[in-house]
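Quick note: the coordinates plus some simple rules give every number you see, no bench work behind them. Quick caveat: nothing in here was measured; it's all calculated off a predicted structure. All Cβ positions, glycine included, derive from the backbone under ideal geometry; neighbour counts span all protein chains shown.
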Amino acid sequence: MRIAILADIHANLTAFQAVLADIEQRGKVDEFWCLGDVVGYGPDPHECITLLQKICRVCIAGNHDLAATGKIDTADFNPRAAESNQWTAQQLTPQDIRYVSNLPLTLEKGEFTLAHGSPRDPIWEYLFSETEAIENLESFSTLYCLVGHTHQPQVFSFSRLKVIGVTKLAHESEILLAEKRLIINPGGIGQPRDGDPRASYGIYDSTIRTFTLYRVSYDIKAVQERMREHNLPTMLISRLEVGR
Ligand code: ZN
């Protein structure tokens with residue numbers, strides 16, 4: 001089975017569609033798993049929820065999804081995120097709100113646990129460091145864990161309770177899934193933050209037991225134009241072209 005791993009779409013329909021076209025061209029997948037933050041920051045929240053619902057049955061909630069539906073407070077958001085969140089909330093239909101409100105915080109799918117931030121704190125924690133990764137090992141019982149939230153594609157690999165590697169994943173990086181425990185982040189589709197502005201996603205192949213990362217170019221200018229039309233914060237518009 002081939003499964004596309006999507007994260008942090010962030011209401012960027014153009015990037016989302018470019019990723020789906022890339023997947024199609026690589027020979028299709030059997031399932032889509034989404035690691036949350038479908039909305040927030042970008043100009044197309046309703047359209048992204050509609051498209052995701054059509055193709056994806058496995059999705060968890062991210063902090064931006066929960067904030068847009070009023071389930072968590074935006075007091076801990078930075079001012080730009082809070083401003084974009086207010087605008088996002090106004091774009092959602094009652095059906096969108098129902099869909100997002102019913103998303104679980106974590107899920108187990110076979111050998112994987114899915115969590116937006118981290119397995120011990122799926123809403124808020126950013127998994128950047130080895131220490132944080134080790135502290136999370138006891139919070140999931142599957143062999144592997146998939147996270148999003150940092151918008152940075154990377155993998156932590158462990159031997160017992162030690163991190164033995166933190167590897168940044170570039171385009172076409174392939175990880176072999178063996179006995180080592182792993183925490184994998186497929187990077188973000190709608191707002192990459194690793195210095196590469198291309199959308200980022202992964203494909204898990206359960207037959208040959210690999211996870212492969214892919215980067216996809218999309219029409220960034222068209223998205224920026226729509227964000228300007230909606231008066232979204234300038235910094236959120238300009239960061240798309242640098243991927244930071
Ligand atoms: Zn995010």
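Count the lysine pairs in the chain whose Cα atoms sit under 21 Å apart, keeping only pairs 8 or more residues apart in sequence or on different chains. Numbers along the way, then the final one.
Working: Lys28/Lys54; Lys28/Lys109; Lys54/Lys109; Lys109/Lys180; Lys162/Lys180; Lys168/Lys180.
Lysine pairs meeting both conditions in the chain amount to 6.
Using the reciprocal of the averaged 1/r over all distinct C-alpha pairs, how large is the Kirkwood radius of the stretch 102-244 in Å? All intermediate terms of the calculation are to be shown ahead of the outcome.
On the way: mean 1/r = 0.0624 Å⁻¹.
Hydrodynamic radius (Kirkwood, Cα only) of the stretch 102-244 equals 16.0 Å.
So what is the calculated 222 nm ellipticity per residue for the chain, using -39500 (n - 2.57) for each DSSP H run with n of 4 or more, over all residues, to the nearest 500 deg cm²/dmol? Can you show the working numbers first?
Details: 8 runs with 77 residues, N = 244.
Helix contribution divided over all residues of the chain: -9000 deg cm²/dmol.
What's the Kirkwood radius of the chain in Å, using all Cα pairs?
Details: mean 1/r = 0.0566 Å⁻¹.
Final number for the Kirkwood radius of the chain is 17.7 Å.
What whole number of Å gives the distance from the Cα centroid of the stretch 91-130 to the Cα centroid of the stretch 132-207?
So the separation of the two Cα centres works out to 16 Å.
Show me the GluC sites (Glu not before Pro) within the stretch 51-159 that DSSP assigns to loop and that have at most 16 other Cβ atoms within 10 Å of their Cβ. Present the calculation step by step, with values, prior to reporting the outcome.
Values: sites: Glu83, Glu108, Glu111, Glu125, Glu130, Glu132, Glu135, Glu138; in loops: Glu111, Glu125.
Answer in residue order: Glu111.
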